[in-house]
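The values are calculated or read from the model by the stated rules, or taken from the named source; none is laboratory data. If you're wondering where the values come from, they're calculated on a predicted model, not measured in any experiment. Counting neighbours? That spans all protein chains shown, and the Cβs are built from the backbone with ideal geometry, glycine included.
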Amino acid sequence: MPPSKDQNNIWLAQPSGTCCLKGNLHEGISRGRFIMVAGVETYIVEPKKSNANSHILLYFPDVWGMFPNGLLVMDAFADSGYIVLGLDYFRGDPVWKHRRDRHDRSNPEFDYEAWKKKHMSFADEAVPRWVNEVKSLYGQTSTKYACVGYCFGAPYVCNELAKNTVSAGAFAHPAFLKDAHFSKITKPLLLSCSVEDHTFPLEARQVALDILEVGQKTYQLQLFSGVSHGFALRGNMENPYERYVKEQSLKAIIEWFDFWLSQ
């Protein structure tokens with residue numbers, strides 16, 4: 001699928017589609033809690049005192065929102081030393097409440113496109129003030145910040161990388177990205193991607209890499225074959241390779257943050 005144009009901007013990572021609705025729930029019990037930050041329900045999980053690094057990780061969820069897999073991934077980041085906060089910009093209305101997967105048509109009145117438009121409008125407004133409130137409530141003079149986003153959350157990572165908020169960012173299987181998201185970043189970006197991805201196919205991915213290279217941006221591409229969109233959050237953990245890919249994506253993102261926040 002070639003990049004498409006919208007309002008004179010080129011879509012590189014396409015808006016999320018029905019393939020974003022498939023996935024598997026992972027086993028485990030999350031250990032964080034929910035609080036309100038800037039009027040938005042927020043999951044917070046803190047590291048153990050023995051390995052706390054005093055840094056904060058901002059988490060921007062995919063269309064499944066605050067579901068078990070995402071909470072467990074946030075817990076894993078906290079286990080690596082970070083205070084992790086993730087906002088529910090879907091306000092208790094994740095996509096799985098309407099469709100269990102891309103084949104589910106039990107709710108024929110559900111308008112997926114309208115759902116995306118509504119929640120993106122809110123997220124565009126809420127994320128900047130939420131980030132500022134997180135910094136005000138939890139940041140110290142010495143605190144450094146990183147941010148990670150999955151699918152729907154990818155543009156918010158790039159937005160923060162264009163500011164002076166975070167030291168580094170990462171996204172996995174991104175959606176809703178235009179050329180400007182890549183050209184405007186000023187901080188290091190890790191791209192965790194699959195070879196086959198309906199939202200970020202080869203041609204668009206190469207355009208994004210060209211923009212990063214021409215702009216002399218600092219970036220790293222992690223690319224997996226044999227998996228598809230959603231691999232970093234919703235893979236089948238009973239499949240050894242899908243488990244490996246999910247774990248390698250998480251490991252690479254943590255190591256990326258550990259390096260750049262140590263500089």
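Do any residues in segment 225-244 that are within 18 Å of Pro68 (Cα to Cα) have Cβ atoms under 6 Å from those of residues that are surrounded by fewer than 19 Cβ atoms within 10 Å (Cβ to Cβ) and basic (Lys, Arg), where the two are at least six apart or on different chains, and which pairs are they?
From segment 225-244, the pairs are Met237/Arg243.
Quick grid of which residues meet (1) surrounded by 22 or more Cβ atoms within 10 Å (Cβ to Cβ); (2) farther than 29 Å from Ile44 by Cβ:
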{"site": "Phe122", "(1), (2)": "no, no"}
{"site": "Lys135", "(1), (2)": "no, no"}
{"site": "Leu161", "(1), (2)": "yes, no"}
{"site": "Ala175", "(1), (2)": "yes, no"}
{"site": "Leu190", "(1), (2)": "yes, no"}
{"site": "Thr199", "(1), (2)": "yes, no"}
{"site": "Glu203", "(1), (2)": "no, yes"}
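Quick one: which of Gly70, Gly39, Gly81 is at pLDDT 90 or above, small (Gly, Ala, Ser) and under 16 Å from the mean Cα position of the chain (by Cα)?
Sole residue among the options that is at pLDDT 90 or above, small (Gly, Ala, Ser) and under 16 Å from the mean Cα position of the chain (by Cα): Gly70.
Taking segment 71-110 only, how many residues are touching a residue at least 60 places away in the same chain (Cβ under 8 Å) and touching a His at 6+ places or on another chain (Cβ under 6 Å)?
1
Are any residues in segment 34-53 part of a strand (DSSP E or B) and of a type outside the set (S, T, N, Q), and if so, which ones?
Once the filter is applied, which keeps residues that are part of a strand (DSSP E or B) and of a type outside the set (S, T, N, Q), segment 34-53 yields Phe34, Ile35, Met36, Val37, Val40, Glu41, Tyr43, Ile44, Val45.
Residues of segment 86-127 being more than 16 Å from Phe176 (Cβ to Cβ), assigned to a helix (DSSP H, G or I), under 19 Å from the mean Cα position of the chain (by Cα) and not aromatic (Phe, Trp, Tyr), which ones?
none
Based on this model, can you work out whether Gly169 counts as in contact with an Asp or Glu (Cβ under 7 Å, 6 or more places away or on another chain) and at pLDDT 95 or above?
yes
Taking Leu12, is it touching a strand residue (DSSP E or B) at 6+ places or on another chain (Cβ under 8 Å), in a strand (DSSP E or B), closer than 25 Å to Phe257 by Cα and modelled with pLDDT of 95 or more?
When the stated conditions are applied, Leu12 does not pass them.
Looking at Asp111, Asp62, can you tell me which residue is in contact with a strand residue (DSSP E or B) (Cβ under 8 Å, 6 or more places away or on another chain) and either at negative phi or surrounded by 22 or more Cβ atoms within 10 Å (Cβ to Cβ) (or both)?
Only one candidate qualifies: Asp62.
Tell me the residue from Arg102, Arg31 that is at pLDDT 95 or above, in contact with a Leu (Cβ under 9 Å, 6 or more places away or on another chain) and among the basic types (Lys, Arg), please.
Just a single option satisfies the conditions, and that option is Arg31.
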